[in-house]
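Below: the structure, in structure tokens.
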């Protein structure tokens with residue numbers, strides 16, 4: 001929830017990280033509990049979650065679009081620098097993208113509840129667009145998977161280009177709030193997000209921190225932060241001019257939901273932010289956050305010219 005900067009890669013245009021799939025509702029078989037098979041109600045291990053994410057990349061590389069589509073929930077959402085897309089947009093984007101190679105590092109696994117989890121990682125990608133080799137780039141990626149009728153499907157993906165560099169200096173002429181204001185949270189994740197940003201605008205970082213889950217994680221172009229790192233980082237920015245709009249929410253289950261939105265007033269082109277809220281011990285808290293800078297997609301390459309002879313009707 002800090003100001004973020006990055007450049008748009010053509011990887012984003014291909015939505016390579018989005019894992020479009022048909023949300024096929026499969027009933028767990030009678031043999032679901034046989035030896036070597038995990039019951040559908042139990043969340044995957046970190047190794048299993050990593051394997052699911054890698055399988056999506058393999059499908060993209062192999063141009064197995066049907067297989068790729070089968071990995072996505074029907075209400076899947078993709079957040080990338082040039083826009084926010086539904087499942088159909090994710091699938092169409094992947095078809096215009098050619099993945100040459102990808103290597104992964106910095107995997108982190110964050111359980112949400114028994115029926116949902118988030119996995120994050122860095123992807124080093126070589127790709128081709130419209131037959132042209134693109135420069136290799138490194139991206140921070142986040143994906144959330146949910147259990148839908150016994151099948152694990154990807155419901156959310158977001159990415160931002162890796163950005164390194166020193167943090168900006170603390171904003172001049174601002175002071176922390178004198179009196180913390182308690183943040184009331186509930187199942188309305190849009191209201192929760194507005195409330196937490198109001199605390200940021202008021203520089204009430206104590207109240208902001210109280211709305212974050214103890215295990216909260218944040219992904220930004222310049223790094224991955226735990227709760228303490230996030231609270232420290234937001235103190236370096238002036239949020240007073242931030243304006244939130246274009247809210248979209250996706251329900252994971254009764255105890256977890258996602259909200260994604262646009263933030264303007266903090267950078268020239270705006271920023272796309274996403275937060276996953278979860279209810280534990282009777283309280284809704286912000287568990288996960290990812291920020292991505294807004295960048296317009298470059299224009300599509302011009303269509304190949306047709307010769308006059310080719311245009312002439314056959315005799």
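Read-outs: derived from the displayed coordinates by stated rules, not from any lab. Nothing here was measured: the structure is a model prediction, and the numbers come from that model. We place every Cβ from the backbone using ideal geometry, glycine too, and count neighbours over all the protein chains shown.
Computed over every Cα-Cα pair of the range 189-293 and binned at 5 Å starting from 0, the pair-distance distribution P(r) comes out as 2, 13, 23, 28, 22, 8, 2, 0 percent.
Assuming R0 = 45 Å, can you tell me the calculated FRET efficiency for the pair residue 46 and residue 247, based on Cβ-Cβ distance, to the nearest 0.05? Show your work: numbers first, answer last.
On the way: r = 31 Å, r/R0 = 0.69.
It comes out at approximately 0.90.
Taking label points 7 Å from Cα along the Cα-to-Cβ direction, residue 138 and residue 191 give a separation of 4.2 nm.
The protection proxy used here, the mean number of other Cβ atoms lying within 10 Å of each residue, ranks peptides 272-280, 99-107 as follows, highest first: 272-280, 99-107.
Ordered by packing density, taken as the mean number of other Cβ atoms within 10 Å over each peptide's residues, highest first, how do 211-218, 234-241, 134-141 rank?
Numbers: 211-218: 19.8, 234-241: 16.4, 134-141: 18.2.
Packing proxy ranking, top to bottom: 211-218, 134-141, 234-241.
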